[in-house]
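Just below is one structure, and these are the notes that go with it.
The values are calculated or read from the model by the stated rules, or taken from the named source; none is laboratory data. Please read these numbers as outputs of a predicted model, since none were measured by experiment. Note that we place each Cβ from the backbone using ideal geometry, even for glycine, and neighbour counts take in every protein chain shown.
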């Protein structure tokens, strides 16, 4: 997009909204401030309009410029000062154009680091705030029961639901409230949008034409596939390195017992990461998996009879609250049909199951895996939320190479990954 596309023709015939787009592209902050605060009637005696609607709208998207907003035009030129001002005055940080492109992606493509950082920081700030408001509303609803507060919790929760699946962001169009965060859920009628519905529906485990195992739900959403193998390999390596394999000791009574590090994995899927964990020979290897079909699949595999392996057929929300569960040196999480708020609740329970400062935690970071900008927002967001529970996070970059993307997603309703790089989180407690 170019400045001429934003300006179109003489500013004398442009509407306030169109003038705003041109000013954003030119980096003209004084004009932007005037357009957002001074109605034309105050400066133009010929104008008969005195209504607030005569002001330019910071969230306006041009129907003739691919649906670009002022943020898009400012991001294209790297005008960080303009971006910050627009964000403080009602611009929608996650607004997308007709092709689903955010201002953040525009800034990234132009290598405007400052502009990208400003948009990223705003995305993290707003998402943290609205997640906190939703949690507060849920707490109030649980304390007071059904009623107005329950409705408030539902309304707040609907604004902040995220999943690791499809679209990468809500489409925020002109005229919408700026208090919005990305919505990364599957459509409401799909199983991927409801964990309880997912657990009561069938799964299909099969081998494709390339000899790769796949798992799809009833809606043809992919639960897990072989393309994740390298990610799981790198995850297991990063989590289990430096831990010695299991060994046997004899106590004073002559009884023999097995010692060594302990692994907890939440979500079996195809069992890829669990096979890699087994290569490190943990003394105890606990798998939490509630889905009946996944349990059946697990029992068909050799790992189900491996030494030290235990299956807990429960949801992690129940399993992690069991005082008999114990502590672990390695914890990994890859649940399906759950959103970021569910993952954050898991974060909150980590201090109860991690065995001291040397213990490590990781999760499958597929949050917004179809959109680079939103993926960066969730990377930072999860790091901050983990810090709140006393954990520090290091990120390892893993290249994602799909030999045949068309084949990988054949027969799948919706792709959940489109990026070239995966961010692998490695987290350890820092408060012991």
Exercise. Are any residues in region 371-413 farther than 23 Å from residue 105 by Cβ, touching a helix residue (DSSP H, G or I) at 6+ places or on another chain (Cβ under 6 Å) and assigned to a loop (DSSP other than H, G, I, E, B), and if so, which ones?
Worked result: 389
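Mind checking which residues of region 88-112 are assigned to a helix (DSSP H, G or I) and touching a helix residue (DSSP H, G or I) at 6+ places or on another chain (Cβ under 8 Å)? Before you say what the answer is, go through the steps one by one.
Residues of region 88-112 assigned to a helix (DSSP H, G or I): 88, 103-109.
Passing the criteria: 103, 104, 105, 106, 107, 108.
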Seminar exercise, completed: Checked region 382-429 for anything exposed (fewer than 13 other Cβ atoms within 10 Å of the Cβ), in contact with a strand residue (DSSP E or B) (Cβ under 8 Å, 6 or more places away or on another chain) and modelled with pLDDT under 95; matches are 411
Exercise. Which members of region 310-332 meet the condition of being touching a residue at least 12 places away in the same chain (Cβ under 8 Å) and farther than 15 Å from residue 285 by Cβ?
Worked result: 313, 314, 315, 316, 317, 320, 321
Exercise. In region 224-233, how many are surrounded by fewer than 21 Cβ atoms within 10 Å (Cβ to Cβ), without any contact (Cβ under 8 Å) to a residue 60 or more places away in the chain and in contact with a helix residue (DSSP H, G or I) (Cβ under 6 Å, 6 or more places away or on another chain)?
Worked result: 2
Problem set entry | Residues of region 234-259 satisfying the condition of being in contact (Cβ under 8 Å) with a residue 40 or more places away in the chain and either assigned to a helix (DSSP H, G or I) or crowded, with 20+ Cβ neighbours inside 10 Å (or both) | 234, 235, 236, 238, 239, 240, 243
For this session: Residue by residue through region 269-282, note down the ones that are without any contact (Cβ under 8 Å) to a residue 40 or more places away in the chain and under 20 Å from residue 199 (Cβ atoms).
Result: 271, 274
Problem set entry | Selection within region 354-368 - assigned to a loop (DSSP other than H, G, I, E, B) and either modelled with pLDDT under 95 or in contact with a strand residue (DSSP E or B) (Cβ under 8 Å, 6 or more places away or on another chain) (or both) | 355, 356, 357, 358, 359, 364, 365, 367, 368
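Report whether or not residue 419 is in contact with a helix residue (DSSP H, G or I) (Cβ under 8 Å, 6 or more places away or on another chain), under 25 Å from residue 132 (Cα atoms) and without any contact (Cβ under 8 Å) to a residue 60 or more places away in the chain.
It is false that residue 419 is in contact with a helix residue (DSSP H, G or I) (Cβ under 8 Å, 6 or more places away or on another chain), under 25 Å from residue 132 (Cα atoms) and without any contact (Cβ under 8 Å) to a residue 60 or more places away in the chain.
Quick check on residue 258: is it under 25 Å from residue 293 (Cα atoms) and at pLDDT below 95?
Numbers: under 25 Å from residue 293 (Cα atoms): no; at pLDDT below 95: yes.
Spelling it out, it is not the case that residue 258 is under 25 Å from residue 293 (Cα atoms) and at pLDDT below 95.
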